[in-house]
Each structure stands twice: as structure tokens, then as C-alpha cells.
Amino acid sequence: MMNVAILISGTGSIMLAIIKHFHLRYQNKISFTVISNNPDALGLQKAKDIGIKTISINHKNYKTREQFDTELNRELQDLKIDFVVLAGFMRILTKNFVESWNGKMTNTHPSLLPSFKGANAVRDALDYGVKITGTTVHWVSSDVDCGKIIAQDFVMINQDDNELSLQEKIKQKEQILYPKVLEEIFIKFL
Ligand code: GRF
């Protein structure tokens, strides 16, 4: 049995797409836990609704990033997690944490990296006026949004797109690309 943690901070639509993808194909071979730094994340309830174990570790209860990451790592070790999937997890992780999950942690970012790194990638792409943006699945390295690229897909930006519509179009692509990429990575564990 492969144990996977999906880390989220918000609505969790990509988390849900990943879990559904694997449940259809590998139900008895993979077990998911959803962890959020935000106790109010909508995704936590979505995961609970489909019977997935959830944990919330409120980052506001920790004075430093190191303390939060230590607690997060403790949970991951307790759960015997093999792989960490970041899916809309809006916290910067410390170098030590990232290094301890080297080769076992991926992220999805809503732009064609290396363009538009950071937390406002969708708005930044719109503001810049690019006509094509997209999504990147990458390994997580200690420099934010700089890890080795695994896969990308593109989205055309129309004149009438706003941040919300563009974000939705990108999420649609992420919900297809990220599960596919993870399946290719996980196949050797399953
Ligand atoms: C995704 O677009 C992801 O790339 C970004 O945050 C969004 C998460 O969406 N970092 P959701 O919470 O899965 O709906």
C-alpha cells in the first residue's frame, strides 16, 4: 500500500481530481491523507465527504516556519507517508523540509514556468499581457517554483478573460495533467 499526503490550503479541486483518478484505478493500492495549514480550507470538507482522512495543522499556531515544518514532518512520519503532493498549498516550506522529501514531493503551479513564479501567477500573466499561459507540474526544490519541470500544458488567454475565468481554465488543465503525471511517478510504488 502506497501512502500519499496531499497538502492543500484552499478549495481543493485538484486534490479531489487526483483522489478520484486513483480511486477509479488503484483503489486498494494507494491511501490518501489530506493535510491543510488552513483549518477553514474548503477542501478539507470535500475530502471528508468522500471518506478521506484529513488533518489540519494551523500555521498560525507556530511561531516560525521551522516549527510548523517540524510538526508537519512529524505527522508525515507518523502516517508513514511515501510521497507528498502539493496541490494549492500556499506555504513556503523550509530548505530542511524540502531536502528531506527530495524526489518524493511535487507541485502544480498555474503558469508556464519559469514565467510567473510566485503566489499571483494567474494575475501576473494577465497583467503582463501574455496570450498563452498554462500549468507546470514540477519537483519541489528549496527555491520556490524552481524545481525540475516534469510536465506542462497550455491555456490560451482571450481578450475577455479575467483572473477568475483564467484561473478556472488553468485549473481544468491541472485536474487532468497532475493526476496523469502522478500516475507515471507512482507506478513504480504500486
Ligand atoms: C491551483 O491553480 C494551483 O496551481 C495553485 O492553487 C490552485 C489550487 O486550486 N497553486 P484548488 O485549491 O485545488 O481548487
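Here Met15 meets the list (1) within 14 Å of the ligand (Cβ to nearest atom); (2) modelled with pLDDT under 95 almost entirely, failing just condition (2).
Checked against (1) surrounded by fewer than 17 Cβ atoms within 10 Å (Cβ to Cβ); (2) modelled with pLDDT of 95 or more; (3) not β-branched (Val, Ile, Thr); (4) not in a helix (DSSP H, G or I), Arg123 passes all but condition (4). Taken together, the residues in the range 109-124 that are in contact with a Phe, Trp or Tyr (Cβ under 7 Å, 6 or more places away or on another chain) and closer than 14 Å to Glu168 by Cα amount to 0.
Taking the range 157-184 on its own, how many of its residues are of a type in the set (Asp, Glu), in contact (Cβ under 8 Å) with a residue 40 or more places away in the chain and more than 22 Å from Ile6 (Cβ to Cβ)?
Here the count works out to 1.
Gly51 falls short on exactly one of the conditions (1) more than 16 Å from the ligand (Cβ to nearest atom); (2) within 13 Å of Ile8 (Cα to Cα); (3) of a type outside the set (Asp, Glu), and that condition is (2).
Matching residues to (1) away from the ligand (no atom under 11 Å from the Cβ); (2) over 16 Å from the mean Cα position of the chain (by Cα):
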| residue | (1), (2) |
| --- | --- |
| Leu79 | yes, yes |
| Phe89 | no, no |
| Leu93 | yes, no |
| His109 | no, no |
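In this structure, is Val144 modelled with pLDDT under 95, of a type in the set (A, V, I, L, M) and farther than 30 Å from His23 by Cβ? In short, yes. Just one residue in the set Lys131, Lys173, Lys117 is surrounded by fewer than 19 Cβ atoms within 10 Å (Cβ to Cβ) and more than 12 Å from the ligand (Cβ to nearest atom); that residue is Lys131.
Given the criteria closer than 29 Å to Lys169 by Cβ, away from the ligand (no atom under 15 Å from the Cβ) and not small (Gly, Ala, Ser), does Arg65 qualify? Step through it out loud before you land on a result.
Details: closer than 29 Å to Lys169 by Cβ: no; away from the ligand (no atom under 15 Å from the Cβ): yes; not small (Gly, Ala, Ser): yes.
Spelling it out, it is not the case that Arg65 is closer than 29 Å to Lys169 by Cβ, away from the ligand (no atom under 15 Å from the Cβ) and not small (Gly, Ala, Ser).
Residues being without any contact (Cβ under 8 Å) to a residue 12 or more places away in the chain, closer than 29 Å to Asp161 by Cα and polar (S, T, N, Q) are entirely absent from the range 44-63.
If the condition is being in contact with a helix residue (DSSP H, G or I) (Cβ under 6 Å, 6 or more places away or on another chain) and either within 15 Å of the ligand (Cβ to nearest atom) or without any contact (Cβ under 8 Å) to a residue 40 or more places away in the chain (or both), then the range 141-156 contributes Ile150, Ala151, Asp153, Val155.
The values are calculated or read from the model by the stated rules, or taken from the named source; none is laboratory data. Fair warning: this is a prediction, and the values are worked out from it, not measured in the lab. Glycine gets a Cβ as well: all are built from the backbone with ideal geometry, and neighbour counts include every protein chain shown.
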